[in-house]
Amino acid sequence: MRERLCKRSIEEMRYILTVAIPTYSRAARLSEMLGIWTSQIESKGSEASCQILIGDNSTDEATALMMKEKYSTKPYVKYIHNGGNIGYGNSINNLIMNSDGEFVWLMADNDIPLENSVETALLLIGRNPAIDFFALDNDLFDEESGKMLIRKRFFKQSGIVDGSKFLGEVGNFYAIGGISTNLYRTSEIKKVI
């Protein structure tokens, strides 16, 4: 039996998942990445379940112009210009605090999601409603050749039941693994910011 994808209606105005992306002067690369994310979200009809949140530290207008031209008509895509470089950590904190999702998936602005990343994340969340933190696996590929360089497998089963205790004990949530491998319950991660 195929499990249903966890979805909500637009009327609920709260997303299940926010993909939060801090960026700095990478408009072209960010545009490529956002094309993949929006394609995955729209192909599965997940616009009411997923939010994309961009935190821009750029001092130029290239990213702002690209976002306006390509994504201003997509209500699930939210853009925040930080007014300049507020630093990587502050940008991440700002993204988390502005997330409208029940879960937030921090994603580096140069990490390209694999096929079905959105569907997989929503299924993982839907199957594990008591889990606050997921450590996801990731692979590192050479940008030019496409050859896999590193295969990282952190756990046999992702998830920590008491996420707030775990995150509190770790203290610095940036050190838990690669930024793009971590999926947090937003209310819990906000407690340690």
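The values are calculated or read from the model by the stated rules, or taken from the named source; none is laboratory data. Keep in mind the model is a prediction, meaning the values are calculated, not measured. Glycine also receives a Cβ, built like all others from the backbone with ideal geometry; neighbour counts cover every protein chain displayed. With ligands, DNA and RNA removed, areas are computed over all heavy atoms of the protein, side chains included. Shrake-Rupley method; radii C 1.70, N 1.55, O 1.52, S 1.80 Å.
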Completion exercise
In this structure, among LYS44/LYS70; LYS70/LYS190; LYS70/LYS191, pairs with alpha-carbon gaps over 23 Å are LYS70/LYS190; LYS70/LYS191
Practice task
At 0.36 nm per residue, minus the direct Cα-Cα distance, what do THR73 and SER39 gain on full extension? Give it in nm, one decimal, please.
Solution key: 10.8 nm
Practice task
May I ask for the net charge around VAL104, where only other residues with Cβ less than 12 Å from the Cβ of VAL104 are counted and Lys, Arg are +1 while Asp, Glu are -1?
Solution key: -2
Completion exercise
Ignoring ligands and nucleic acids, VAL192 exposes an accessible area, probe 1.4 Å, in Å² to the nearest 10, of 50
Exercise for the section: Whole number please: convex hull volume per residue, Cα atoms of region 15-151, in Å³. Expected result: 118
Handout entry: Accessible-area ranking of LYS44, LYS68, largest first, probe 1.4 Å
Key = LYS68, LYS44
